[in-house]
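Enquirer: My questions will all concern the structure given below.
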Amino acid sequence: MTDLKGALIGCGFFAVNQMHGWRDAEGARIVAICDRDPERLKAVGDAFGIQRRYTSAEDLFADGGFDFVDIATTVGSHRGLVEMAARHGVATICQKPIAPTMEDAKAMVSACAKSGVAFMVHENFRWQSPIRAVKAAIDSGAIGEVFWGRVSFRSGYDVFSGQPYLATGKRFIIEDLGIHALDVARYIFGDATAVTARTRRVNPAIAGEDVATMLLDHDGGITSVVDCSYATKLPIEPFPETLMEVDGSKGTLRLTQGYHLAVHSKGATKLTNVEPPALSWASPPWHNIQESVALIQQHWIEALCAGREPDTSGRDNLETFALVEASYLSAAEGRTVSLAEVLG
């Protein structure tokens, strides 16, 4: 089988991880890159041996010669680029969050559907090995019927040094990090019907919120808590680990710091180390996220070749983005918000 050819738009901080993942992927390779910054374009192009380099997305699509595009830009440019790809009949992966507004997100999904091209959102946290291990343990029936859960990401890590733009937006932790945790909650506990959220800004040097706590009502009666913080100073920094607690009718599950998974059932506890492998290009503590990038890219290739919808398709991701929008609305108005109100 001939490898799928891809193009990457956006050569910033996180895109380097995506380029590493594509270089190792089976069944696809990047043949062109695009960025408005010539220096970043040169750095990534030289590092990965990509000769086709563009400072204009219009020129990139005009030349063509690729099967899919990976959009790794900031959120404000997503709709225009996704719609451009749809007009050219090119399958598209888009970085999260999918869009600035629900209106934009729906328009992007609609544009790809009308053009008949695949559309996936790069929502990679659910692809982390520890999260997959939690899902597998629950699906095995070891803890019975789940009735409560918690997804927690609390850290004091300085994310602003590598991505300074994060400090300037009016929205921060829910949109940038909480969206991952909310998607994990959907993946583990099922779609949510309502959310109650509270936010706070602890760091005076940033514009948005850096602490958020969200209570979710899920289909089937499960309740979950999703809590995120970049203002939590701990004796051992857990970044970038997502910790989890799950209670079921026959037992409990805990994913604790250091990638320790404890499944307690029938009076016995099974302990497993679920730390992800460090890929050749990975660097701890980022190896958890870096591995998930490679895994979601491989999933995209397999889905595209099989002609099936990827797990984190644009259509599916509307449910995750609706949780983000509902959380901000709930925090602003001090009330519980139904997902139906946001999705329309």
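The values are calculated or read from the model by the stated rules, or taken from the named source; none is laboratory data. On a predicted model such as this, the values are computed, not experimentally measured, just so you know. Glycine gets a Cβ as well: all are built from the backbone with ideal geometry, and neighbour counts include every protein chain shown. With ligands, DNA and RNA removed, areas are computed over all heavy atoms of the protein, side chains included. Shrake-Rupley method; radii C 1.70, N 1.55, O 1.52, S 1.80 Å.
Enquirer: Show me, for the stretch 263-274, the HN-Hα J-couplings you get by feeding each phi into the Karplus relation (A = 6.51, B = -1.76, C = 1.60, θ = phi - 60°), rounded to Hz, glycine and proline as x.
Expert: 10, 9, 7, 6, x, 10, 10, 9, 9, 9, 8, 10
Enquirer: Using a ≥ b ≥ c from the Cα gyration tensor of the stretch 67-113 (square roots of the eigenvalues), is it rounded, prolate or oblate, where a/c under 1.5 gives rounded and otherwise the larger of a/b and b/c decides, a/b for prolate?
Expert: oblate
Enquirer: On the protein heavy atoms, probe 1.4 angstrom, tell me the percent of accessible surface of the stretch 235-326 carried by carbon and sulfur.
Expert: The nonpolar share, carbon plus sulfur, comes to 54 percent.
Enquirer: Take the Cα atoms of the stretch 106-153, build their convex hull, and give its volume per residue in Å³.
Expert: 152
Enquirer: Of all the accessible heavy-atom surface of the stretch 193-233, with the other protein chains kept in place and a 1.4 Å probe, what percent is carbon and sulfur?
Expert: Details: 930 of 1810 Å².
Within the stretch 193-233, the accessible surface is 52 percent carbon and sulfur.
Enquirer: In debye to the nearest 20, how big a dipole does the chain give about its Cα centre with +1 on each Lys and Arg Cβ and -1 on each Asp and Glu Cβ?
Expert: 340
Enquirer: Using 0.36 nm per residue, how much length does the chain from Asp219 to Ala207 gain when fully extended, once their Cα-Cα distance is taken away?
Expert: 0.9 nm
Enquirer: Now for a different question. Taking every Cα atom in the stretch 182-309, find the radius of gyration and the maximum pairwise distance Dmax, and write them in Å.
Expert: Calculated on Cα positions, Rg and Dmax stand at 17.6, 50 Å.
Enquirer: Please sort by residue number the chymotrypsin sites (Phe, Trp or Tyr not before Pro) in the stretch 238-344 whose DSSP state is loop and whose Cβ has at most 15 other Cβ atoms within 10 Å.
Expert: Details: sites: Tyr259, Trp281, Trp286, Trp300, Phe321, Tyr328; in loops: Tyr259, Trp281, Trp286.
Qualifying residues, ordered by number: Trp281, Trp286.
Enquirer: Can you compute 3J(HN,Hα) from phi for each residue in the stretch 106-123, using the Karplus curve 6.51 cos²θ - 1.76 cosθ + 1.60 with θ = phi - 60°, rounded to whole Hz and x for Gly and Pro?
Expert: 5, 5, 5, 4, 5, 4, 5, 5, 5, 7, x, 10, 5, 9, 10, 9, 6, 9
Enquirer: Across the chain, how large is the tail of the calculated P(r) beyond 34 Å, expressed as a percent of all Cα pairs?
Expert: Counting every Cα pair in the chain, those more than 34 Å apart make up 24 percent.
Enquirer: So for the stretch 130-226, what are the equivalent ellipsoid semi-axes in whole Å, largest first, each being the square root of 5 times an eigenvalue of the Cα gyration tensor?
Expert: Values: eigenvalues 173, 44, 18 Å².
Ellipsoid semi-axes (Å, largest first): 29, 15, 10.
Enquirer: Run through the stretch 121-210 and list the chymotrypsin sites (Phe, Trp or Tyr not before Pro) located in a DSSP loop whose Cβ has at most 15 other Cβ atoms within 10 Å.
Expert: Those that pass, being in a loop and sparsely packed, are Tyr157.
Enquirer: Go through the stretch 125-216 and name the trypsin sites (Lys or Arg not before Pro) that are in a DSSP coil and have 13 or fewer other Cβ atoms within 10 Å of their Cβ.
Expert: Lys170
Enquirer: Quantify, in whole percent, the carbon and sulfur part of the accessible surface of the stretch 72-116 (1.4 Å probe; protein heavy atoms only).
Expert: 53
Enquirer: Another question about this same structure. What is the spin-label model distance, in nm, from Ala340 to Lys5 if the labels are put 7 Å beyond Cα along the C-beta direction?
Expert: 4.9
Enquirer: Based on a Kirkwood Rh over C-alpha pairs, give the Stokes-Einstein translational diffusion coefficient of the stretch 14-88 at 20 °C and viscosity 1.002 mPa s in µm²/s.
Expert: 166
Enquirer: Work out the count of Lys pairs in the chain where the Cα-Cα distance is under 18 Å, with the pair 8 or more places apart or on different chains.
Expert: Total qualifying Lys-Lys pairs in the chain comes to 7.
Enquirer: Which value in Å does the Kirkwood hydrodynamic radius of the stretch 245-344 take, with 1/r averaged over all unlike C-alpha pairs and then inverted?
Expert: 17.4
Enquirer: Per residue, how much accessible area does the chain show when a 1.4 Å probe rolls over the protein heavy atoms, in square angstrom?
Expert: Ligands and nucleic acids excluded, the figure is 42 Å² per residue.
Enquirer: Determine one quarter of the surface area of the Cα convex hull of the stretch 37-160, which equals its mean projected area, and express it in nm² to one decimal.
Expert: 11.6
Enquirer: As I understand it, the value is the acute angle between the Cα axis of helix 314-333 and the longest principal axis of the Cα atoms of the chain; what does it come to in degrees, rounded to 10?
Expert: Taking the Cα atoms of the chain, the angle to 314-333 is about 60 degrees.
Enquirer: While we're on this one: Counting GluC sites (Glu not before Pro) as exposed when in a DSSP loop with at most 14 other beta carbons within 10 Å, what is the longest stretch of the chain free of them?
Expert: 146-344
Enquirer: Any idea which of Val69, Met19, Ile30 is furthest toward the positive side of the dipole for the chain, if Lys and Arg beta-carbons carry +1 and Asp and Glu beta-carbons -1?
Expert: Of Val69, Met19, Ile30, it is Met19.
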